[in-house]
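Below is one structure; the comments refer to it alone.
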Amino acid sequence: MSSAKKVIDSTVKRVLIYTAEIIMSIVLLVIVCLPLAFAVPMWIQQIAFGVPGSNLAVDPIAWFGFTGATVVTALLAIAAAVLASFYMQRVIGSDSSEES
């Protein structure tokens, strides 16, 4: 009975670890995609709804100007890189502690 319980416990633990890795991967994907915060809504408006470029509701160029939109997108990219690096350090650190 004891060996069966150990096998079940290890299987459940393995399933939980894989589930956590999938969730962490989705979170990392969202963090990495922060610079697309303007591009995706603009694309949806133009392609899916057929809104002309001058009437976009989400238009960072109209909001910030060309230089401002570039700077905001660059800042989002930097923030995403910093968040992703901290997140990966935590994930890698927790993985090494779980393995031992």
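The values are calculated or read from the model by the stated rules, or taken from the named source; none is laboratory data. Being a predicted model, the structure only gives us computed values, none of them experimental. Don't worry about glycine lacking a Cβ; one is built from the backbone with ideal geometry, like all the others, and counts go over all protein chains shown. Surface areas here come from the heavy atoms of the whole protein model, side chains and all, with no ligands, DNA or RNA. Shrake-Rupley method; radii C 1.70, N 1.55, O 1.52, S 1.80 Å.
Students often get this wrong, so try it: which of (1) 1.26; (2) 1.10; (3) 1.17 is Rg/Rh (Cα atoms, Kirkwood Rh) as calculated from the structure shown?
Calculated Rg/Rh (Cα atoms, Kirkwood Rh): the matching label is (1).
When the accessible area of the chain is computed with all protein chains present and a 1.4 Å probe, what percentage of it is carbon and sulfur? Provide the component values of the computation, followed by the final result.
Values: 5470 of 7450 Å².
For the chain, the apolar C and S fraction of the accessible surface comes to 73 percent.
Using a basic spin-label model with each label point 7 Å from the Cα along Cα→Cβ, how many nm lie between Ser25 and Asp9?
2.8 nm
Using a probe radius of 1.4 Å on heavy atoms only, what accessible surface per residue do you get for the chain? Whole Å² is fine. If you can, show how the numbers build up before the last one.
Numbers: 7450 Å² over 100 residues.
Result: 74 Å² of accessible area for each residue.
Taking the Cα centre of the chain as the origin, how large is its charge dipole in debye, to the nearest 20, when only Lys and Arg (+1) and Asp and Glu (-1) carry charge on their Cβ atoms?
260 debye
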